[in-house]
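Contents: one structure, followed by commentary.
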Amino acid sequence: MSVTSKVKTTFFCQNCGAQASKWVGKCGSCGEWNTYVEEIIQKDTKNSRLQVFSSNKNGNAKSNTSILLNEVGTAEYPRIAVPGKELARVLGGGIVPGSLVLFGGEPGIGKSTLMLQLALRLKNLKVLYVSGEESEQQIKMRADRIGYTTNTCFILQETNTQNIFQQIAQIQPQLVVIDSIQTIHTSYIESSPGSVSQVRECAAEFLRFAKETNTPVFMIGHITKEGSLAGPKVLEHMVDTVLQFEGDRNHIYRLLRCTKNRFGSTNEMGIYEMNGDGLREVLNPSEILITDRDVPTSGVAIAATLEGNRPMLIETQALVSSAAYGTPQRSSTGFDLRRLSMLLAVLEKRCGFKLGIKDVFINIAGGIRVEDPGIDLALLCAVLSSNEDIPIPQSVCFSGEVGLTGEIRPVNKIEQRVSEAEKLGFKKIIISSHNLKGLHKKTFTIEIVAASKIEEVFSLIFS
Ligand code: TYD
Ligand code: MG
């Protein structure tokens, strides 16, 4: 038997990308069961894959010499301006040349739409949109639906990286979009598209391309329903930026988050609305997320939250009812269920509300998931309001984190929250007394009420 005919295979965990030389039932690194799949990884080392785009004649990657940190020039490449404030802010001010961006999200959430919209709106930039999922006609139909026209956007329906790089060499695009990384394959590896080794190898090729030609590359990656990034997870350490598109497909709002960014902060968030003609930016989320009611309703409280640098007033809703069955139910949309259980335990233990025998349902308006702990106080007030069946006045809003002892803890950037509440016409905001320090009360016309315990808030609103 000749040595060259031997096929080399390795087992990969499809969840986290760990490798093993033989099959194992439970993954040692992520703990998942039955995730190991055998993949063929025999490489063709004769042809270097760098030849297509490397300036280096013999196909080897450029070799670098070390340099003193102090001598490194600070001349930054200017970022590519992004049309659309939301994406620009989430990216940290624009697209960095030569950056590799992974754009993840569940199927059908609107990733292709957002990327096509970006490609079409970058009018002064030659963009290559590579699709391994849809035909040119389908993309054209989508572009017509979105309604932007441009003559600098090229469409390529292709799944093989070698062919993609050939087209890139021909067109010389200034931005490349890959839709999606799970459909792309390289001929240097024999496993099927979407498998861990393929995804990783293809991404490595695009990474090399991005860094050597200074061209930014956006790669779309699908996330499975359970939220695990099968495939894309193994790419997170490779790429410069990880963007995530989330939201409830039954709602029209979509959140764009950045979970990793080598060129900016990761706590910025963008909001989009999915319409019949594409994604529209939501620049005034507070005005949309609060329902105007003629009569105050119990179980509703408004939270003054902050995502990144952006203050947002959000409606929290609670429904407390006697448990129909033995075990009370707790259900929550847009809020962490374990945190809800903790907050209910605080109410029970510190304030004496017997919620242990009640069903509690929580809903954050608009299907939006909030990560800011400043929403706690509003949520608890909504629960209490529903429990007592007393409405909270519509002109009142809340901002505070609740601790295990029932104390109201301070939140960051309180001034921004207060001024947003004032801008939207609220008359009173309840905050933590620790937040009073450094807050210039006189500059606001809104009444600022400070409380240090959850019981105080209760008597403030319900008595
Ligand atoms: P898509 O971008 O294909 O999602 P992904 O690439 O993340 O899988 O978007 C799919 C959904 O968006 C689809 O269900 C239809 C809807 N949609 C609109 O509501 N309006 C539009 O203008 C477009 C283009 C799509
Ligand atoms: Mg798509």
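Observations on the structure shown:
- Considering the conditions (1) within 30 Å of VAL127 (Cβ to Cβ); (2) more than 16 Å from ligand 1 (Cβ to nearest atom), VAL282 is excluded by exactly one of them, (2).
- Some residue of the stretch 133-152 being closer than 30 Å to CYS13 by Cα and in contact (Cβ under 8 Å) with a residue 24 or more places away in the chain: yes
- Of residues in the stretch 185-227 being in contact with an Asp or Glu (Cβ under 6 Å, 6 or more places away or on another chain) and among the aliphatic types (A, V, I, L, M), the one farthest from GLY17 (Cα to Cα): ILE220
- Matching strands (runs of 3 or more DSSP E) fully within the stretch 194-294 where at least 3 residues are over 23 Å from GLU39 (Cα atoms) and within 13 Å of the chain's Cα centre (by Cα): 241-246, 253-261, 269-275
- Checked against (1) free of Cβ contacts under 8 Å to residues at least 60 places away in the same chain; (2) within 15 Å of ligand 1 (Cβ to nearest atom); (3) buried (at least 17 other Cβ atoms within 10 Å of the Cβ), ILE164 meets all criteria but (2).
- Unique match (being more than 12 Å from ligand 1 (Cβ to nearest atom), buried (at least 17 other Cβ atoms within 10 Å of the Cβ) and within 14 Å of the chain's Cα centre (by Cα)) among VAL127, VAL101: VAL101
- Complete set of residues in the stretch 419-463 that are closer than 20 Å to PRO311 by Cα and assigned to a strand (DSSP E or B): LYS428, ILE429, ILE430, ILE431, SER432, GLU447, ILE448, VAL449, ALA450
- Residue pairs whose Cβ atoms lie under 6 Å apart, separated by 6 or more positions or on different chains, with the first residue in the stretch 202-225 and closer than 17 Å to VAL177 by Cβ and more than 16 Å from ligand 2 (Cβ to nearest atom) and the second in a strand (DSSP E or B) and not aromatic (Phe, Trp, Tyr), are PHE206/VAL217; LEU207/LEU100; ALA210/LEU100; ALA210/VAL217; PRO216/ILE95; PRO216/LEU175; VAL217/LEU100; VAL217/VAL176.
- Candidate set from the stretch 259-272 (those that are modelled with pLDDT under 90 and either among the hydrophobic types (A, V, I, L, M, F, W, C) or within 17 Å of ARG121 (Cβ to Cβ) (or both)); member that is farthest from ligand 1 (Cβ to nearest atom): PHE263
- PRO107 vs. criteria in a loop (DSSP other than H, G, I, E, B) and more than 19 Å from GLY276 (Cα to Cα): no
- Selection within the stretch 249-288 - of a type in the set (Gly, Ala, Ser) and either over 24 Å from LEU235 (Cβ atoms) or surrounded by 20 or more Cβ atoms within 10 Å (Cβ to Cβ) (or both): GLY270, GLY276, GLY278, SER286
- Verdict on VAL72 being over 26 Å from THR159 (Cα atoms), surrounded by fewer than 22 Cβ atoms within 10 Å (Cβ to Cβ) and touching a Leu at 6+ places or on another chain (Cβ under 9 Å): no
- Selection of first residues in the stretch 379-403 that are over 22 Å from LEU436 (Cβ atoms) and of second residues that are of a type in the set (D, E, K, R), restricted to Cβ pairs under 7 Å at least 6 apart or on distinct chains, gives the following pairs, ordered by first then second residue: GLN394/ARG293.
- Pairs, first within 20 Å of GLY278 (Cα to Cα) in the stretch 81-99, second among the β-branched types (Val, Ile, Thr), C-beta under 8 Å, six or more apart: VAL82/ILE95; GLU86/ILE271; GLU86/VAL282; ALA88/VAL82
- If only residues of the stretch 104-124 that are under 16 Å from the mean Cα position of the chain (by Cα) and among the hydrophobic types (A, V, I, L, M, F, W, C) are counted, the one that is farthest from LEU156 (Cα to Cα) is ILE109.
- Residues being within 21 Å of GLU190 (Cα to Cα) and more than 15 Å from ligand 2 (Cβ to nearest atom) - total across the stretch 129-146: 0
- Check on THR241, surrounded by fewer than 17 Cβ atoms within 10 Å (Cβ to Cβ) and either β-branched (Val, Ile, Thr) or touching a helix residue (DSSP H, G or I) at 6+ places or on another chain (Cβ under 7 Å) (or both): no
- Check on VAL402, among the β-branched types (Val, Ile, Thr), crowded, with 24+ Cβ neighbours inside 10 Å, under 26 Å from the mean Cα position of the chain (by Cα) and farther than 20 Å from SER286 by Cα: yes
- Check on MET141, within 16 Å of ligand 1 (Cβ to nearest atom), part of a helix (DSSP H, G or I) and surrounded by fewer than 21 Cβ atoms within 10 Å (Cβ to Cβ): yes
- Number of the condition not met by THR149 [criteria: (1) assigned to a loop (DSSP other than H, G, I, E, B); (2) under 25 Å from ILE271 (Cβ atoms); (3) away from ligand 2 (no atom under 14 Å from the Cβ)]: (2)
The values are calculated or read from the model by the stated rules, or taken from the named source; none is laboratory data. Because the structure is a prediction, the values reported are computed rather than measured. We place every Cβ from the backbone using ideal geometry, glycine too, and count neighbours over all the protein chains shown.
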